[in-house]
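Worksheet: the structure to be examined is printed underneath.
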Amino acid sequence: QQPVQSPQAVILREGEDAVINCSSSKALYSVHWYRQKHGEAPVFLMILLKGGEQKGHDKISASFNEKKQQSSLYLTASQLSYSGTYFCGTAMNTGFQKLVFGTGTRLLVSP
Amino acid sequence: DAGVTQSPTHLIKTRGQQVTLRCSPKSGHDTVSWYQQALGQGPQFIFQYYEEEERQRGNFPDRFSGHQFPNYSSELNVNALLLGDSALYLCASSLGLGEGRENIQYFGAGTRLSVL
């Protein structure tokens with residue numbers, strides 16, 4: 001079943017923060033976050049494994065709440081380059097993984 | 001180090017025709033997955049190949065078939081094209097049997113298929 005992402009869209013001023021959520025009704029093994037700009041390939045941001053770890057690099061971080069089967073992506077001090085559509089992809093097992101993607105969150109960062 | 005490459009970038013076909021899309025995985029990767037992305041939607045899993053065999057399949061009809069070659073490259077074939085097959089077709093490569101952290105899928109830029 002497709003994970004639900006919220007919000008569907010968000011507009012930020014440069015320097016503002018945003019949180020994007022991804023919720024699943026099924027038990028997950030991992031959550032994968034991607035950013036896709038128009039006409040380009042989805043770019044891998046980070047992977048969260050079950051166990052509730054939090055990860056981050058630069059000003060983008062993410063968490064995975066195993067009890068709630070929910071992951072959140074945190075964008076702090078947003079930059080113009082953060083604009084794009086963010087997708088979470090969920091996997092229910094290790095090994096060969098098919099990712100089930102959410103419908104995406106469109107983020108626009110303006111000057 | 002070349003990433004995932006797909007060809008062609010754009011393709012226009014008519015209903016009923018057949019199409020073949022190609023993908024070369026990232027260097028060192030042995031698993032290829034194919035996804036269909038309709039406009040404004042997230043990618044939908046079609047199937048996954050490892051060691052030249054289809055390992056997993058999504059909810060797509062048999063008109064969608066694939067192949068993986070000994071050099072790990074892959075093809076996606078779609079027969080009897082329908083208008084609804086118009087979409088961006090994405091290929092992703094990964095390491096098939098690694099631990100969870102290694103199962104990161106890297107995407108190519110995709111092939112935009114238009115069916116008229």
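If you take the residues in the stretch B:1-55 that are basic (Lys, Arg) and open to solvent by 70 Å² or more (accessible area, probe 1.4 Å), which one is farthest from the other protein chains (Cβ to nearest Cβ)?
Among residues in the stretch B:1-55 that are basic (Lys, Arg) and open to solvent by 70 Å² or more (accessible area, probe 1.4 Å), the one farthest from the other protein chains (Cβ to nearest Cβ) is B:Arg15.
Under 9 Å between Cβ atoms, which residue pairs at least 6 apart in sequence (or on different chains) link something in the stretch B:52-64 that is on the phi < 0 side of the Ramachandran plot with a partner that is open to solvent by 80 Å² or more (accessible area, probe 1.4 Å) and among the hydrophobic types (A, V, I, L, M, F, W, C)?
From residues that are on the phi < 0 side of the Ramachandran plot, the pairs are B:Arg63/B:Leu82.
Could you figure out which of (1) in contact with a Phe, Trp or Tyr (Cβ under 7 Å, 6 or more places away or on another chain); (2) open to solvent by 60 Å² or more (accessible area, probe 1.4 Å); (3) under 24 Å from A:Arg35 (Cα atoms) isn't true of B:Arg112?
It fails just one condition, (1).
When you scan the stretch A:1-74 for strands (runs of 3 or more DSSP E) that lie fully inside it, which ones turn up with 1 or more residues that are touching a residue at least 60 places away in the same chain (Cβ under 8 Å)?
The strands (runs of 3 or more DSSP E) meeting that bar are A:4-6, A:9-13, A:18-23, A:30-36.
Identify the single condition in (1) touching a Pro at 6+ places or on another chain (Cβ under 9 Å); (2) within 11 Å of another protein chain (Cβ to nearest Cβ) that A:Gln97 does not satisfy, given that it satisfies every other one.
So A:Gln97 meets the others, but not (1).
Suppose we filter B:Ser86, B:Ser74, B:Ser7 for residues that are closer than 21 Å to A:Gln97 by Cβ and small (Gly, Ala, Ser); which single one remains?
B:Ser74
Quickly run through the stretch A:75-94 and pick out the residues that are within 11 Å of chain B (Cβ to nearest Cβ), at pLDDT 95 or above and not in a strand (DSSP E or B).
If the condition is that a residue be within 11 Å of chain B (Cβ to nearest Cβ), at pLDDT 95 or above and not in a strand (DSSP E or B), then no residue fits.
The values are calculated or read from the model by the stated rules, or taken from the named source; none is laboratory data. All figures in this text were calculated on a predicted structure; none of them were measured in a lab. Neighbour counts run over all protein chains shown; Cβ positions are idealised from the backbone, glycine included. Accessible surface is based on the protein model in full, side chains and every heavy atom, while ligands, DNA and RNA are left aside. Shrake-Rupley method; radii C 1.70, N 1.55, O 1.52, S 1.80 Å.
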